[in-house]
1. Which numbered condition trips up residue 275, out of (1) touching a residue at least 60 places away in the same chain (Cβ under 8 Å); (2) touching a strand residue (DSSP E or B) at 6+ places or on another chain (Cβ under 8 Å)?
2. Which of the residues spanning the range 196-208 are surrounded by fewer than 18 Cβ atoms within 10 Å (Cβ to Cβ) and within 22 Å of residue 377 (Cβ to Cβ)?
3. Out of all the residues in the range 39-66, which are surrounded by 14 or more Cβ atoms within 10 Å (Cβ to Cβ), closer than 22 Å to residue 89 by Cβ and hydrophobic (A, V, I, L, M, F, W, C)?
4. Step by step: first the residues of the range 282-317, then only those that are open to solvent by 30 Å² or more (accessible area, probe 1.4 Å) and in contact with a Phe, Trp or Tyr (Cβ under 6 Å, 6 or more places away or on another chain), then the one that is farthest from residue 177 (Cα to Cα). Which residue is that?
5. List the number of the failed condition for residue 50; all other conditions in (1) more than 30 Å from residue 328 (Cα to Cα); (2) outside any helix (DSSP H, G or I) hold.
6. Does residue 422 meet the test of being within 30 Å of residue 275 (Cα to Cα) and in contact with a Gly (Cβ under 8 Å, 6 or more places away or on another chain)?
7. Whether any residue in the range 294-305 is outside any loop (DSSP other than H, G, I, E, B), among the β-branched types (Val, Ile, Thr), within 20 Å of residue 187 (Cβ to Cβ) and touching a helix residue (DSSP H, G or I) at 6+ places or on another chain (Cβ under 9 Å) is what I want to check.
Amino acid sequence: MLQIQTIRENKEEIIKALTKRNVDAAPLVNGAIELDEKRRSTQTKLDNILAEGNKLSKEIGMLFKSGKAQEANELKAKTSGLKEDSKLLGEELHTISEELQTLLYQIPNAPHELVPAGNSEEDNEEIFKEGEVPSLKSNALPHWELAKKYDIIDFELGVKISGAGFPVYKGKGARLQRALITYFLDKNTEAGYTEIQVPHLVNEASGYGTGQLPDKEGQMYHVTDDNLYLIPTAEVPVTNIFRDEIISEADFPIRYTGYTPCFRREAGSYGAHVRGLNRLHQFDKVEIVRVEHPSKSYEALDGMVEHVKGILRDLKLPYRILRLCGGDLGFTSAMTYDFEVFSTAQNRWLEISSVSNFETYQANRLKLRFKDENGKSQLAHTLNGSALALPRVLAGILENYQTPEGIKIPEVLVPYCGFDIID
């Protein structure tokens, strides 16, 4: 969330920046400032009462030592009133602080100045495109039909076991899936990311720490008896490693990568665009997460973009990069680049990666800080990206690499698969 001090000092700039998201933030921002002033005023009153109580306690002790018990007891009666006042003020302060926190959770991150204004994905800015779209024969098949033809993914069996959106990968389909995971992890570790395995269930504090709660509560699977959430992305557990931590400036950059299954309810998703692997409730993804010095985070973001480019070049898939507009930007992000691969058989672009800089937004929730050269605590910047999300990458490979003889395997994956064609 945005720091209240930042909101106080940059009120008009933040309100203006949030108009890129089509959000009238003035009521929220003004409400937060009013609550903060009330909180500060209450805190001052409480501090004064506590200071007065401490002063009287010292005087009482001195009076008892001097044998002036009557005067000491009179002051003790006064301190009893102060204790009651401090208790009431403490309760009021707690209530105000909770109200302020709840309000701050409702204010999205302020977009970076380069983020274009816009209402929806139609207003996203294409900044890069690479790769040739293959010419497929007129009888080319979409991936869900290829999956059935070669018996490599069984969507109906997934429905039987769990429901729609839970595919079962079989034979060469399962091996290709495993090959992609291993290949992505190898590429990421070669680039300096430390591989890490994390839990697939997280507690409520972790959901709030990275901003999935309360914003995306309806999209997360909730294990109610234990109050745990199935992760929608490895970003959540990996970034929460640093919750309530003060790291050394010398530790920058911190780079982690991890593979996890991801679980999303995808409530309200329907229509042709969700067929096959296009949108799932459970899918595999390899994530990269960085914790950076604020002065280096956009340089790091550019590096992450180049890293994902390299993976897609190796796979020889046609792709493009979009800078998301304010209306399509995630709640917690200051800037996001989406990668989309072209699905030739579907004749449409499929999102396969989002690479984002959250600046201090997540770090403020996480209380993730570092000591600067002056020994002062500062909030770090957090970033993450998909490198890569598997379902749509797999869909792109199946569709773009199909031939009359079968589905060829990208050359870079052959050593990982142990075969060069699905036939």
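The values are calculated or read from the model by the stated rules, or taken from the named source; none is laboratory data. All figures in this text were calculated on a predicted structure; none of them were measured in a lab. Neighbour counts are summed over all protein chains in view; Cβ atoms, including those assigned to glycine, are modelled from backbone coordinates with ideal geometry. Side chains included, ligands, DNA and RNA excluded: accessible areas come from the protein's heavy atoms. Shrake-Rupley method; radii C 1.70, N 1.55, O 1.52, S 1.80 Å.
1. All conditions pass for residue 275, except number (2).
2. Result: 205, single match.
3. The answer is 46, 49, 50, 56, 60.
4. Filtering first and then ranking leaves 293.
5. The failed condition is (2).
6. In short, yes.
7. No, because not a single residue in the range 294-305 is outside any loop (DSSP other than H, G, I, E, B), among the β-branched types (Val, Ile, Thr), within 20 Å of residue 187 (Cβ to Cβ) and touching a helix residue (DSSP H, G or I) at 6+ places or on another chain (Cβ under 9 Å).
So that you can scan it fast, the table gives a plain yes or no per residue for (1) surrounded by 17 or more Cβ atoms within 10 Å (Cβ to Cβ); (2) not small (Gly, Ala, Ser):
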| residue | (1), (2) |
| --- | --- |
| 97 | no, no |
| 112 | yes, yes |
| 125 | no, yes |
| 131 | no, no |
| 154 | yes, yes |
| 160 | no, yes |
| 177 | yes, yes |
